[in-house]
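Presented below is the structure to which this report refers.
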Amino acid sequence: MEFKHYTVMKNEAVDALECKNGLIYVDCTLGGGGHSELILKRISPDGRLISFDVDDDAIMAASERLKDYKNLTIVKDSYTNIKKVLHSLGIEKINGGVLFDLGASYHQFNKAERGFSFSKEAPLDMRFNQDSDFSAGDVVNSYSEQDLVRIFSEYGEERFSKRIAKAIVEQRKLKKIETTTKLADLIIECTPHVKTSIHPATRVFQAIRIEVNHELQNVKNTLNDVLDLLDVGAIISVISFHSLEDRIVKHLFKYHSQRCHCEKNQMICTCPPPKLELVNKKPIMASENEISENPPSRSAKLRIARCIN
């Protein structure tokens, strides 16, 4: 299958980095290489870009697309290992900026065998990293009913979490749930018909994908790691696609841009100076033109901050 990937808010996210020739930049989610290519155009010939991805399809496609750039290092590893990887490359500080484009890609959703979509029959997979041993099938067929309720509620904000979890446990007593369509059909059968444009399985599939790939914890941990790596003046630009991710980014940026975290009854502030300043207090959204070209862009939110300490 041809690798298809729409680069969401390409110009906005890269413009935010204020790219300069000679500095070091990191693209934490290479994908189809759209953001990386624009960064490379703006920092060449002396800037350096390190791009991360765990998806073999993405790396193969982007490597071909970006083969003429000599100042690019593509790393097949999770961005969660950014500290270790940059250290191994002899990089102590990111003096330019870092870009996150969170979530699954167009290609992952539309390549049936990857198991991300409830509209295409496939094994329950949903792994970003195909080398991982843990898949959606493991979640659906081995998690307790209580744990299923928890992830459907927390990661999917699914109001019928309890009845869906109960139906899954009852079904797998009879036969293992192995495919995306079997799970989607089960969700449709056990939930009331609600008039909405959102498919009944959407939130559960999102929740399982987040659990399989540890998405929220990875984002939180890595953003904290990146703060240690940023040089003064470097910029962090983050695109998120659902409220759970955006909330993490918003709260972390807000916390590290505040001057004081002391208790109200504390007489003297002992807080260190803030690490960040917010470039945009409200998230930047995709343009109407972009949303018309790529409807999933409507849920994207871009937050930007600059390292000041």
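The table that follows gives values for the structure above.
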read-out	value
Estimated vicinal HN-Hα couplings, Hz - segment 291-308 in sequence order (Karplus 6.51, -1.76, 1.60; Gly, Pro = x)	4, 5, 6, 9, x, x, 4, 4, 8, 6, 10, 10, 10, 9, 9, 10, 6, 10
Alpha-carbon centroids, segment 1-51 and segment 267-284: separation in whole Å	27
Segment 278-309: trypsin sites (Lys or Arg not before Pro) in DSSP coil with no more than 11 other Cβ atoms inside 10 Å	Lys281
Estimated FRET transfer efficiency when R0 is 41 angstrom, pair Ser44-Ser292 (beta carbons, to 0.05)	0.80
Amide H contacts of Gly32 (H built 1.01 Å from N, under 5 Å, at least 5 apart or other chain)	none
Average Cα contact separation per residue, segment 113-219, under 8 Å, 6 or more apart, as relative contact order %	35
Relative contact order of segment 1-147, pairs being alpha-carbon contacts under 8 Å that are 6 or more residues apart, as %	23
Most to least packed among 52-60, 253-261, 35-43 [average Cβ atoms within 10 Å]	35-43, 52-60, 253-261
For a label point 7 Å along the Cα-to-beta-carbon line of Ser119, residues of segment 195-239 with backbone N under 11 Å	199
Phe241 accessible area, 1.4 Å probe, all protein chains in place, Å² to nearest 10	50
Anchor Lys175: lysines whose Cα lies under 21 Å away (excluding residues fewer than 8 positions away in-chain)	Lys120, Lys162, Lys166
Cα-centre dipole for the chain with unit charges at Cβ (Lys and Arg positive, Asp and Glu negative), debye to 20	840
Cα-based helix-to-principal-axis angle, 180-190 vs the chain, degrees rounded to 10	60
Sum of side-chain charges, Ala16 neighbourhood, beta-carbon under 15 Å (Lys, Arg +1; Asp, Glu -1)	+2
Rounded FRET efficiency, nearest 0.05, which uses the C-beta distance separating Asp77 from Thr196 and R0 of 35 Å	0.35
List Met267, Met126, Met285, ordered by accessible area with a 1.4 Å probe, largest first	Met267, Met285, Met126
Accessible area (Å², 1.4 Å probe, nearest 10) - Leu278	60
Nearest 10 degrees, 0 to 90: helix 34-43 Cα axis against the chain principal axis	0
Space enclosed by the convex hull of the alpha-carbon atoms of segment 260-304, per residue, Å³	94
Rounded to 10°, Cα long-axis angle of helix 202-213 versus longest principal axis of the chain	60
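The values are calculated or read from the model by the stated rules, or taken from the named source; none is laboratory data. Keep in mind that this is a model prediction, so the values were computed, not measured. Glycine gets a Cβ as well: all are built from the backbone with ideal geometry, and neighbour counts include every protein chain shown. Heads up: the accessible areas ignore ligands, DNA and RNA and are worked out on the full protein's heavy atoms, side chains in. Shrake-Rupley method; radii C 1.70, N 1.55, O 1.52, S 1.80 Å.
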